[in-house]
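Any read-out appearing in this document is the output of simple, stated calculations on the displayed coordinates, not a laboratory observation. What you are looking at is a predicted structure, and each value in this text was computed from that prediction instead of being measured. Note: ideal-geometry Cβ built from the backbone for every residue, glycine included; neighbour counts use all protein chains shown.
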Amino acid sequence: MAINNSNKSKLIYTFLAWTIGGLIFFPILWTLITSFKTEAEAISSSPSLFMFDWTLENYADVLSRSPYFTHFWNSIVISLGSSILGLLIAIPAAWSMAFVQTKRTKNLLMWMLSTKMLPPVGVLIPIYLVFRDFGLLDTKLGLVIVMTLINLPIMVWMLYTYFREIPNEILEASRMDGATIGEEIFHVLLPIALPGIASTLLLNVILAWNEAFWTLILTAANAAPLTAFIASYSSPEGLFYAKLSAASAMAIVPILILGWFSQKQLVRGLSFGAVK
Amino acid sequence: MGSITLKQVTKSFGDVNVIKPIDLEIRDGEFIVFVGPSGCGKSTLLRMIAGLEDTTSGCIDIDGQDATHTPPAKRGLAMVFQSYALYPHMSVRNNIAFPLKRAKVSEDEIEKKIANAAKILNLGDYLDRKPGQLSGGQRQRVAIGRAIVRQPSAFLFDEPLSNLDASLRVNMRLEISELHKSLATTMIYVTHDQVEAMTMADRIAVFNAGIIEQVGTPLELYNKPVNKFVAGFIGSPKMNFIDVDSADNDPTACLGVRPEHLEISRDKGMWAGKVGVIEHLGSETFLHVQVENCGTFTVKAGGDCDVNYGESIYLSVAPEKILHFDAAGITLSKDQTSGLTAVG
């Protein structure tokens, strides 16, 4: 029986989508599999995908050698802390940009976005010196501050896009009804924009969780999050692929699970305004 | 109390003057309608009265107090928006209670006021629903309910019926008029629909390009428009205008004849014309008659009008029903004109 054209193209697209998805997921899959191999199998010249002796010894090793849960806790504090602090600053900022626009609001938004295009290493020295002088090196507070600053432009932009979708008349109605600016934001704007705020929070938790440049440079032991934990398994003692993979797996699994459960929210958040 | 006085009020956005100096006195308990074409500044003026737009210059007095720079909530006014502007995340009950909670009214009092508003507006069955579960008319009632409970000194309506379908619009029009009668509170109502304006208003202010052309009762505006703009805007179908060459001592440059004042005859009349499109509305008929040298006339005839497309007919009008305008479009009084100017 002949397959009609639309079914054929559906098949091709499905195949393409799975191939691209597979390619993107492959490194993560490889890391997960390698974490269950012995070091010898991990560096073998003819690596096997599934046919090897599965072992948990890398996980046991990693857990005994490093304080995984301290790093895990640091990651949670830094990513959640910076996202919440960022929201506290970004919500009023986005409110004013969306509802009390001036001639220069657009320029300000573009300028904020442009800071994301600056290579971080360009401000490395001043930030390092400021942190040193204020005693913020290797502190969770220091990292919360730096992560907040790094992700603030994205948060403001995302919230701004969300707020722009809310009819101004609803906020004006609340003003007529006697709401102060605080009440207007708290009782009217935030509940309406809750899905947008949730996806902004989620995305920023993920970004902060994965951020490696500043976390590696500004921390040593006390405030080091999971990115530093992974890095500690590379280089000086030689490369231990299996242990590095086990450490990586332990670092990415929590955020992978969070991402999996919140993917609907995230996709909606990222595509908001683009498709309605 | 609910008197509002505008003194030389203006509004500019950059170099653009949207409201040129306006003086207007709105009396306590009056139903005044701001009417005009899109972009004439009527909504902007309403928002300035509400306090949602700054006033560039001039003075807005509410109940004798200068309120030009008073924040919206402190003006004692309530506004009903075109889009209803209900809080989508709150139930009808909480929507209505919102202004009362902001004013720190006691829970008992809030319940009493909600019950009262629900009774007046027939919302009793919907109090626990969210706005998304209501029809357009019900939403509009909730918006009005939210305005009523504040017991404002004046209600401001910004094109509140334009999102409703035609039959619902007629019902809501009646409801708002009844509400005005029962509350006896000042109402300022903005619309571009002159039928709404004519049927609801105690007085109408006709806006054009940032100024008020005329303020008066609906019949004053219909019978004695001060200029061509008001004459053309008030009345449906629109007034017919005929450009004329006048005698030397007569300043008339244009005549205005309302479609309902034109009489049809098959034998004789002031203008000869050919019937074009005929619109039967049941109780009445609109004829579009092509008159040589004068353009198309709209004629409002009875429902039983039996003329046919393409037929030659004559039109005439009682001379006292003709309005005369000078070259600037200003209405001329009878003694300014020399009888019936030669027409056609």
query = Once you charge only the Cβ atoms, +1 for Lys and Arg and -1 for Asp and Glu, what is the size of the charge dipole of the range B:4-229 about its Cα centre, to the nearest 20 debye?
reply = 460
remark   = Here the gain from full extension of A:GLU57 to A:ILE76, 0.36 nm per residue of separation minus their alpha-carbon distance, amounts to 4.2 nm
request  = Rank these for me by crowding, B:LYS119, B:LYS130, A:LYS37, going from fewest to most other beta carbons within 10 Å.
outcome  = B:LYS119, B:LYS130, A:LYS37
ask   = Counting Lys and Arg as +1 and Asp and Glu as -1, each charge on the Cβ, what is the dipole of the range B:159-311 about the Cα centre in debye, to the nearest 20?
value = 240
note = Expected unfolding gain across B:ASP193-B:THR70 under the 0.36 nm per residue rule, minus the alpha-carbon gap, is 41.2 nm
task = Using only C-alpha positions, report the orientation-averaged shadow area of the convex hull of the range A:122-177, nm², one decimal.
result = 6.2
key: Contour minus Cα-Cα distance for A:THR139 and A:MET117 (0.36 nm per residue)   = 5.3 nm
message = Can you give me the distance in nm between label points at B:GLU109 and B:ASP63, each placed 7 Å from the Cα along the Cα-to-Cβ direction?
response = 1.4
request  = Once you have the Kirkwood Rh of the protein assembly as shown from its Cα pairs, apply Stokes-Einstein at 4 °C and 1.567 mPa s and quote D in µm²/s.
outcome  = 42
query = Quick one: if the Förster radius is 35 Å, what FRET efficiency do A:ASN7 and A:ALA198 give, using the C-beta to C-beta distance and rounding to 0.05?
reply = 0.40
query = Is there a simple number for the mean count of other chain Cβ atoms within 10 Å of the Cβ of residues in B:200-206, and what is it?
reply = 0
ask   = Mind checking the mean number of beta-carbon atoms from other chains within 10 Å of the Cβ atoms in B:90-103?
value = 3
query = Near B:ALA301, within a Cβ-to-Cβ distance under 10 Å, what is the net charge of the other residues, with Lys and Arg +1 and Asp and Glu -1?
reply = -4
remark   = the range B:54-176: relative contact order from alpha carbon pairs under 8 Å, six or more residues apart, as a whole percent, is 36
query = Using r as the Cβ-Cβ distance of A:ILE43 and A:ARG65, and R0 as 22 Å, what FRET efficiency do you calculate, to the nearest 0.05?
reply = 0.70
task = Could you sort A:94-104, A:244-254, B:299-309 so that the peptide with the highest average Cβ count within 10 Å comes first and the rest follow in order?
result = A:244-254, A:94-104, B:299-309
inquiry  = Rounded to the nearest 20 debye, what is the charge dipole size of the protein assembly as shown about its Cα centre when +1 sits on each Lys and Arg Cβ and -1 on each Asp and Glu Cβ?
reply    = 1580
Relative contact order (%) - chain B, alpha-carbon pairs under 8 angstrom, separation at least six = 16
note = The whole-number value in µm²/s of the Stokes-Einstein translational diffusion coefficient for chain B, with Rh from the Kirkwood sum over alpha carbon pairs at 37 °C and 0.692 mPa s, is 146
ask   = What 222 nm value per residue comes from the helices of the protein assembly as shown, counting each DSSP H run with n ≥ 4 as -39,500 (n - 2.57) and dividing by all residues, nearest 500 deg cm²/dmol?
value = -14000 deg cm²/dmol
task = Over chain A, calculate the relative contact order: mean separation of alpha carbon pairs under 8 Å at least 6 apart, over the residue count, as a percent.
result = 31
ask   = At what distance in nm do the modelled label points of A:PHE99 and A:ILE28 sit from each other, each positioned 7 Å from its Cα along Cα→Cβ?
value = 3.7
request  = Compute the Rg/Rh shape ratio of the range A:154-206: radius of gyration over Kirkwood radius, all on alpha-carbon atoms.
outcome  = 1.03
ask   = How many partner chain Cβ atoms sit within 10 Å of a residue's Cβ in peptide B:1-8, on average, as a whole number?
value = 0
query = Could you give the nm distance between label points at A:ALA220 and B:MET1, where each point is 7 Å from its Cα heading toward the beta carbon?
reply = 7.2
key: At q = 0.16, 0.17 Å⁻¹, base-10 log of I(q)/I(0) for the range B:202-344 (Debye sum, equal scatterers on each alpha carbon)   = -0.88, -0.97
query = Once the Cα gyration tensor of the range B:3-102 is diagonalised, what are the square roots of 5 times its eigenvalues, in whole Å and ordered largest first, as equivalent ellipsoid semi-axes?
reply = 26, 17, 14
